[in-house]
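The structure appears right after this line, and notes come after that.
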Amino acid sequence: MVAPRVRETTRRLLRSMAETLVEDQDGWLTDLTEESMKAAGMELTAADPVLRAASERAFKASFLHFALQNVQNPGARVEPGLGDEVVHIARDLIRRGLEDTATAAYRAGQAQALRHLLTMAFEATSDPEELRDLLDTITWSISDYVERTVSGVMELMRAERAEILRGAQPELRETVTLVIEGAPISAQRAESRLGYRLDQAHTALVVWTPEPDADLRVVDDVVEMLGRSRRSRPLTVMPGAAMKWVWLPGAEAIDRERLRRAVDPSGAVRVAVGGQAGGVEGFRRSHRDAVAAQRMVARLDSPQRVVFFDEVHLVALLTADPDSAEQFVRQVLGDLAVAPREVREALRAFIEENGSVSRAAARQYAHRNTVMRRVARAEAMLPRPLDDNRVQVAAALQVLCWTSPGR
């Protein structure tokens, strides 16, 4: 939003309003903080008396700063108020894994502040031209201030998170290893050391790059993207310089297509995703699944950048011995094993769609007649009729899907 040109009359009206805000701060600031505590996602913060009190102090300090600056220089851009109260709550929220709540709370506070300011504006003047300029300035000023304050708070949190991770990684690795291996460590103690709840659903991931000269910031970018939609902070552990183990909290499913789009097909980052599971055992099992998927991709030198364990479980079992897997594919598929990719994929889609040409065509974004011709061509290459060997053909095509660079 472009800053409006502030007339002297508007400055005078704004200064008067700001002085009233400072004088009556106990009233409107209390209403504002109560509204902020009701924002979606603030339930855990609002229920904790210590966090709630710290949050209320931070919001009051931030919006009082806005009012005071408008007394001194009404209508001018207000720099973010990142005083001690704001710094302290930013640190507390990071350490509790609740950093995402800050944005929602500030937005709720902005809405409440804007409602109050608009009411004051209509009481300040009845002149249409003065009122229009005053409303334009108020709307721009509070929106710009909150936007810049939220950015400043997020930067404080990023710095705090980086500082915590630098000092905590050795203990995190040790504790995660104990949990994964089933060592005698209580769930309560593990949670305290990890800063992460174990009594919930987890989806584990391995994010890594096999290229030694790759820019490792892209690994961080993918991890940050994955955790952005979660209400609680993911657990991230670095077992190596070019790899991260991640546990996403909650029962929300990963958007598979969004993840695949986010991981550059020509880039260096790869992601293996385990199945969702709950509790301490689920924490272990999901991680084991993700590691198994990662190892399968590495073993087969697969070109795929994103792999979900539930999509490759069968392939992982079949390819445990690569030589036997290759022999299996040749025996089952015959000439189809070296056929063009589009022919193999047409038959795979046809089988997975239970013989529906229409659904296979829709899945491949191809014309129905084109798919029919490709399926017929593929069936003609098989050593045995498809109806006599459907399960093995489907399995062999799945293996090729993950091993062939032409996919």
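Listing for the model above:
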item: Residues (surrounded by fewer than 15 Cβ atoms within 10 Å (Cβ to Cβ) and free of Cβ contacts under 8 Å to residues at least 40 places away in the same chain) located in region 177-200; result: 177, 181, 183, 184, 186, 188, 189, 192
item: Any hit, region 351-369, residues being touching a residue at least 40 places away in the same chain (Cβ under 8 Å) and touching a helix residue (DSSP H, G or I) at 6+ places or on another chain (Cβ under 8 Å); result: yes
item: Among (1) without any contact (Cβ under 8 Å) to a residue 60 or more places away in the chain; (2) touching a Lys or Arg at 6+ places or on another chain (Cβ under 7 Å) - the single one residue 297 does not satisfy; result: (1)
item: Unmet criterion (only one of (1) more than 18 Å from the chain's Cα centre (by Cα); (2) of a type in the set (Phe, Trp, Tyr); (3) at pLDDT below 90) for residue 140; result: (3)
item: Any hit, region 239-258, residues being among the β-branched types (Val, Ile, Thr), more than 17 Å from the chain's Cα centre (by Cα) and closer than 23 Å to residue 210 by Cα; result: no
item: Qualifying residue in region 6-20 (condition: hydrophobic (A, V, I, L, M, F, W, C) and either surrounded by fewer than 18 Cβ atoms within 10 Å (Cβ to Cβ) or without any contact (Cβ under 8 Å) to a residue 12 or more places away in the chain (or both)); result: no
item: Set 296, 225: member being modelled with pLDDT of 80 or more, touching a helix residue (DSSP H, G or I) at 6+ places or on another chain (Cβ under 6 Å) and either of a type in the set (Gly, Ala, Ser) or surrounded by fewer than 19 Cβ atoms within 10 Å (Cβ to Cβ) (or both); result: 225
item: Residue ranges of helices (runs of 4 or more DSSP H) in region 1-88 with at least 3 members under 28 Å from the mean Cα position of the chain (by Cα) and assigned by TED's automatic domain parsing to the domain that holds residue 110; result: 25-37, 43-47, 49-72
item: Count - residues of region 120-170 that are more than 16 Å from residue 110 (Cα to Cα), hydroxyl-bearing (Ser, Thr, Tyr) and either in a helix (DSSP H, G or I) or touching a Leu at 6+ places or on another chain (Cβ under 8 Å) (or both); result: 1
item: Identity of the residue in region 326-371, of a type in the set (S, T, N, Q), more than 33 Å from the chain's Cα centre (by Cα) and in a helix (DSSP H, G or I), that ends up nearest to residue 392 (Cα to Cα); result: 331
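Matching residues to (1) hydroxyl-bearing (Ser, Thr, Tyr); (2) in contact (Cβ under 8 Å) with a residue 24 or more places away in the chain; (3) surrounded by 19 or more Cβ atoms within 10 Å (Cβ to Cβ):
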site: 24; (1), (2), (3): no, no, no
site: 29; (1), (2), (3): no, yes, yes
site: 45; (1), (2), (3): yes, yes, yes
site: 81; (1), (2), (3): no, yes, yes
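The values are calculated or read from the model by the stated rules, or taken from the named source; none is laboratory data. As the structure is a computational prediction, the values presented were derived from the model and not from experiment. Don't worry about glycine lacking a Cβ; one is built from the backbone with ideal geometry, like all the others, and counts go over all protein chains shown.
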